[in-house]
Amino acid sequence: MQVKTSQAHSPDVLTLKMSSSHKDPNDCLATVSSGADTPFDFLCDFYDGVIAGGAAGVFVEAALYPIDTIKTRLQVAHAGGKIVLKGLYSGLAGNLAGVLPASAIFVGVYEPTKQKLLKALPENLSALAHLTAGAIAGAASSVVRVPTEVVKQRMQTAQFSSAPDAVRLILAKEGFKGLYAGYGSFLLRDLPFDAVQFCIYEQLRIGFKLAARRDLSDPEVAMIGAFAGAVTGAITTPLDVIKTRLMVQGSENQYRGIYDCVRTIMREEGSPALWKGIGPRVLWIGIGGSIFFGVLERTKQILEERRRDLELNSSKRN
């Protein structure tokens, strides 16, 4: 699926065409067309995004989970604390159960939102479309991502032995809100992270295609994804440290909120503590970015080719 940048069109020329004649579940059911432009297939983009996003998210999480565990343990360790290197896959199964729908929701929302914004905004504001779509998708997926992150990080720090036990005990001790511990700090970290990472990736991808006058190869997509992930991961490390501290504190309530967390870390550990785990984080998100965007683009291409073949076969039958 290629990024399409076009001049803005008035919203009143957009028409929604509902197709009820197709009985094939693989067919797309809604098409939004904008004048003479190529139709914007909302449900197709959503469907492709859900499948591709879910696949990419699970692939990255399974491959790089130990690095993420080390990063989490570094961030929660106070001055002089030792990092345990056992159980680096602790909580992986439960985390994958949450990552699959969270990644699916993210990309499923991002793709159609991006396409809609690209059509509505002038071509020179494509970066704004990518920034906005990334932030909106991050907010939509946070409903699933936050509980998943809370359970994962508490298991990574050996607070629970299994995901079901973690959920049950968190609910018993902290109530439903315990599953959303650190929600504000999560949004503070992930909304700018998602917006900036996807904007850097999309803009570099567009620039490369314009310069090379061809589509990107899989290694080139992976390289751009790695760069976007590493840069964004590095600059958002302090936000990640704050989010991690708030999520793993449990019912002890060592920190009363984002401001208190920052003030306490600065007073007790100094400003360098806000950059704890930057090495594993950059490594994890850099490699993860290359895998995520590589799998994402390849899956979207496969789905698009499959849909094209189905449409061709359907037209031949008619």
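A compact table of results
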item: Single residue of segment 22-69 satisfying the filter (surrounded by 17 or more Cβ atoms within 10 Å (Cβ to Cβ) and at pLDDT below 50) that is farthest from G94 (Cα to Cα); result: S34
item: Condition broken by G233, with the remaining ones in (1) more than 17 Å from S185 (Cβ to Cβ); (2) crowded, with 21+ Cβ neighbours inside 10 Å; (3) of a type outside the set (K, R) satisfied; result: (1)
item: Pairs where the first residue, in segment 196-211, is among the hydrophobic types (A, V, I, L, M, F, W, C) and the second is part of a helix (DSSP H, G or I) and open to solvent by 40 Å² or more (accessible area, probe 1.4 Å), C-beta under 6 Å, 6+ apart; result: C199/L131
item: Check on Y255, out of contact with any strand residue (DSSP E or B) (no Cβ under 7 Å at 6 or more places or on another chain), open to solvent by 40 Å² or more (accessible area, probe 1.4 Å) and aromatic (F, W, Y); result: no
item: Residue satisfying all of: in segment 144-181; over 21 Å from L92 (Cβ atoms) and surrounded by 14 or more Cβ atoms within 10 Å (Cβ to Cβ); nearest to the chain's Cα centre (by Cα) among these; result: Y180
item: Checklist (1) in a helix (DSSP H, G or I); (2) over 13 Å from the mean Cα position of the chain (by Cα) applied to F186, failing item; result: (2)
item: Residue check, E269 closer than 30 Å to K177 by Cα, more than 16 Å from the chain's Cα centre (by Cα) and in contact (Cβ under 8 Å) with a residue 12 or more places away in the chain; result: yes
item: Among the residues listed as K4, K86, the single one being at pLDDT below 85, loosely packed, with under 15 Cβ neighbours inside 10 Å and more than 20 Å from R298 (Cβ to Cβ); result: K86
item: Top-ranked residue in segment 276-296 [being touching a residue at least 40 places away in the same chain (Cβ under 8 Å) and more than 15 Å from Q197 (Cβ to Cβ); ranked as least open to solvent (accessible area, probe 1.4 Å)]; result: G277
item: Lone qualifier among V144, V150, V167 - being out of contact with any Pro (no Cβ under 9 Å at 6 or more places or on another chain) and among the hydrophobic types (A, V, I, L, M, F, W, C); result: V150
item: A133 more than 24 Å from A166 (Cα to Cα) and at pLDDT below 90; result: no
item: Any hit, segment 196-212, residues being under 21 Å from R73 (Cβ atoms), surrounded by fewer than 21 Cβ atoms within 10 Å (Cβ to Cβ) and of a type in the set (A, V, I, L, M); result: no
item: Helices (runs of 4 or more DSSP H) wholly inside segment 74-182 containing at least 1 residues that are touching an Asp or Glu at 6+ places or on another chain (Cβ under 6 Å); result: 92-120, 126-156
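The values are calculated or read from the model by the stated rules, or taken from the named source; none is laboratory data. Keep in mind the model is a prediction, meaning the values are calculated, not measured. Positions of Cβ are generated from backbone atoms using ideal geometry, with glycine treated the same way; all protein chains shown enter the neighbour counts. The accessibility values were calculated without ligands, DNA or RNA, using every heavy atom of the protein model including side chains. Shrake-Rupley method; radii C 1.70, N 1.55, O 1.52, S 1.80 Å.
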